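Student: Here it is, the structure, as structure tokens.
No lab work stands behind these numbers, since they all come straight from the coordinates. Since the structure is predicted, the reported quantities are computational estimates derived from the model, not experimental observations. All Cβ positions, even for glycine, are placed from backbone atoms using ideal geometry, and neighbour counts span all protein chains on display.
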Ligand SMILES: *Cc1c(COP(=O)(O)O)cnc(C)c1O
């Protein structure tokens, strides 16, 4: 129905037919660094303010890595959840024993920015807000611009799970004020599964040293190693998957980059006014690579 692991092109698959070494310059500088730069330029109009960190594992690993490396013991996280993936962020927060407030919305409704506004007014202790952009299970596209405006008006850090929208729906992190945005190789970009990535506001990520409660999922340390080592991962990286992802990014560009319309209709957040919230996403999948 929506972007899961799905079909990949022959050219993406055949990009995996060589071997690379996690230590080599042609891999680190020729592939990893290129990908990191491209991800930032896809995510924001102000690339100098953002940076990308790649992380082994599936998308959930990256959501967990972000929450666990960014939210400190004294912070308070508000999770706005209108579906399975929003709830999962709440579960991660429980595992990490974060101070967490979960605001539940109906699965057939979008997250309501007004409700978040009221919650933040009543709970000034909240420091971070996290939300899913597209709730993949229902296809509901949350009104990210309106949510971000509220969160920024209250001066909170905004974390977005854009797993199934990044590469499919244009988002300008700098324009909206998004601080951390998470996605993975095998959804809209149409690479193969095996790693995910976090695009982060550089000034905030720089302050996250020592916050992580997990060694493998420490996004600060992973990022620091990539910065200093020019694309070096801390532990063995999924080299073939990463190479295939670079090919998928090239093909996205060749197809004209991010779509702003689908069959001539602008992509809009779900307002509850149509009867088929999943329509937009079905179309994106059908439109690309067929
Ligand atoms: C797919 C998805 C995830 C989880 O990704 P996995 O790769 O299955 O771990 C998280 N959030 C959203 C919105 C997703 O679509």
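Student: Can you check how the C-alpha radius of gyration of the range 87-147 compares to 2.2 N^0.38 Å, as a plain ratio?
Tutor: Its radius of gyration relative to the 2.2 N^0.38 Å reference: 1.15.
Student: Another one. Is the shape of the range 1-57 rounded, prolate or oblate, going by the alpha carbon gyration tensor and its root eigenvalues a ≥ b ≥ c, with a/c under 1.5 for rounded and a/b larger than b/c for prolate?
Tutor: Working: a/c = 2.17, a/b = 1.12, b/c = 1.93.
It is oblate, given that a/c is not under 1.5 and a/b is not larger than b/c.
Student: Moving to a separate point now. Once you sort the root eigenvalues of the Cα gyration tensor of the range 50-166 as a ≥ b ≥ c, which label holds: rounded (a/c under 1.5), prolate (a/b larger than b/c) or oblate (the other case)?
Tutor: Note, shape of the range 50-166 comes out rounded.
Student: With equal scatterers on the alpha carbons only and no solvent term, can you work out the Debye log10 of I(q)/I(0) for the chain at 0.11 1/Å?
Tutor: For the chain, the Cα-only Debye profile gives -0.60.
Student: While we're here: Give, in nm to one decimal, the length gained when the segment between residue 29 and residue 153 is fully stretched (0.36 nm per residue of separation minus the Cα-Cα distance). Mind showing how you got there, number by number?
Tutor: On the way: separation 124, 0.36 × 124 = 44.64 nm, distance 3.88 nm.
Computed gain between residue 29 and residue 153 is 40.8 nm.
Student: Hey, another quick one. Using every Cα-Cα pair within the range 220-266, state what percent have a distance larger than 16 Å.
Tutor: On the way: 650 of 1081 pairs.
So the pairs more than 16 Å apart make up 60 percent of the total in the range 220-266.
Student: Rounded to the nearest whole Å³, what is the per residue volume of the convex hull around the Cα atoms of the range 100-181? Present the calculation step by step, with values, prior to reporting the outcome.
Tutor: Working: hull volume 7.2 nm³, N = 82.
Taking the convex hull of the Cα positions in the range 100-181, it is 88 Å³ per residue.
Student: Here's another thing I want to ask about it. When the helix-only estimate is applied to the chain (DSSP H runs of n ≥ 4, each -39,500 (n - 2.57), divided by the residue count), what is the mean residue ellipticity at 222 nm, nearest 500 deg cm²/dmol?
Tutor: Values: 11 runs with 103 residues, N = 290.
That calculation yields -10000 deg cm²/dmol at 222 nm.
Student: Compute log10 of I(q)/I(0) for the range 104-246 with the Debye formula, placing one identical point scatterer on every Cα and leaving out solvent, at q = 0.13 Å⁻¹, to two decimals.
Tutor: -0.66
Student: Taking Rh as the Kirkwood radius, which is the inverse of the mean 1/r over Cα pairs, what is the Rg/Rh value for the range 152-205?
Tutor: On the way: Rg = 12.0 Å, Rh = 11.8 Å.
Result for the range 152-205 is an Rg/Rh of 1.01.
Student: What is the spin-label model distance, in nm, from residue 41 to residue 265 if the labels are put 7 Å beyond Cα along the C-beta direction?
Tutor: 3.3
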